[in-house]
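Colleague: Would you mind keeping the following structure in view while I ask a few things?
Just so you know, all these numbers are worked out from the coordinates, no wet-lab data involved. Since the structure is predicted, the reported quantities are computational estimates derived from the model, not experimental observations. All Cβ positions, glycine included, derive from the backbone under ideal geometry; neighbour counts span all protein chains shown.
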Amino acid sequence: MKKWECTVCGYVHEGDAPPETCPVCGAGAEYFKELVDESEPAASSSAAPDAPAAPAAATGGQPAPSGIAGLVLKYHLHPISVHTPNGVLPLALVFLVIALVFSVATFEQAAFYNLVFVLLTMPVVLVTGYLEWKNRYKKVMTKIFATKIAASVIVSACLIAMIVWRLVDPQVLTSPGRWIYLLLGATMVGAAGLAGHMGGKLVFKD
Ligand SMILES: [Zn+2]
């Protein structure tokens, strides 16, 4: 049985030929390269004649990126920078609900500061995410990456809308628009969760 490795995400497929698309990241068969088992006789390691040719970018052995991109990949700065605001986002939403239910203004204020903190971390999240996608995942635009990018756009848009809204109307949580404001918060947390789920799928391959 031959083994084929997805050069985008590292998923390993067993079979005579690579799968049409990677079940983890969605990359096409051309991104798979055959894994040669050193312990087997050389004869069995030759590629099937009908196997799709690997593109230049997928032949492996690429030099590791240097500079900031290299640091981002080496030290996993994207997951680290993502988890920082991801812990704060749901807290902001919980504080908003508490402020609404119990009419406690200080919780609303805390939620606002939390949102500002998340906004400050967003540039790092977006830049490291882009560098990871560009260098580790070869900028492949499959469903999983498109979903992650869309989710990050939704999170950013909801976040900016909530902060601007709160600056324009500090009493937003007692205004008739408070449900829309809360809905923005829930959408933001949901989109962040979706992006995290996709990230987990890429990392853990299931
Ligand atoms: Zn893959």
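Colleague: For the chain, with equal point scatterers placed on the C-alpha atoms only and solvent neglected, what are the log10 I(q)/I(0) values from the Debye formula at q = 0.10, 0.16 1/Å, to two decimals?
Modeller: Result of the Debye calculation: -0.55, -1.00.
Colleague: Quick one: if the Förster radius is 22 Å, what FRET efficiency do residue 130 and residue 203 give, using the C-beta to C-beta distance and rounding to 0.05? The partial results should precede the final answer.
Modeller: Working: r = 17 Å, r/R0 = 0.78.
In this case the efficiency is close to 0.80.
Colleague: For a quick protection proxy, order the peptides 139-148, 123-132, 65-74 by their average other-Cβ count within 10 Å, most packed first.
Modeller: 123-132, 139-148, 65-74
Colleague: If you line up the long axis of helix 105-135 against the longest principal axis of the chain, both from Cα atoms, how many degrees apart are they, to the nearest 10?
Modeller: Here the helix axis deviates by roughly 20 degrees.
Colleague: Expressed as an acute angle from 0 to 90° and rounded to the nearest 10, what is the orientation of the C-alpha long axis of helix 143-168 relative to the principal long axis of the chain?
Modeller: So the inclination is approximately 20 degrees.
Colleague: Can you tell me which aspartates and glutamates have their Cα less than 16 Å from the Cα of residue 148? Leave out same-chain residues fewer than eight positions away.
Modeller: Hits, sequence-local ones excluded: 132.
Colleague: Report, ordered by chain and residue number, the aspartates and glutamates lying within cross-link reach of residue 139, taken as a straight Cα distance under 16 Å and ignoring same-chain residues fewer than 8 apart.
Modeller: Excluding near neighbours in sequence, the set is 30.
Colleague: Pick out, from 83, 6, 112, the residue whose Cα sits farthest towards the positive end of the charge dipole of the chain, with +1 on the Cβ of Lys and Arg and -1 on the Cβ of Asp and Glu.
Modeller: In the chain, that residue is 112.
Colleague: Relative to the longest principal axis of the chain, what angle (0 to 90°, nearest 10) does the C-alpha long axis of helix 178-204 take?
Modeller: Helix 178-204 sits at roughly 20 degrees to that axis.
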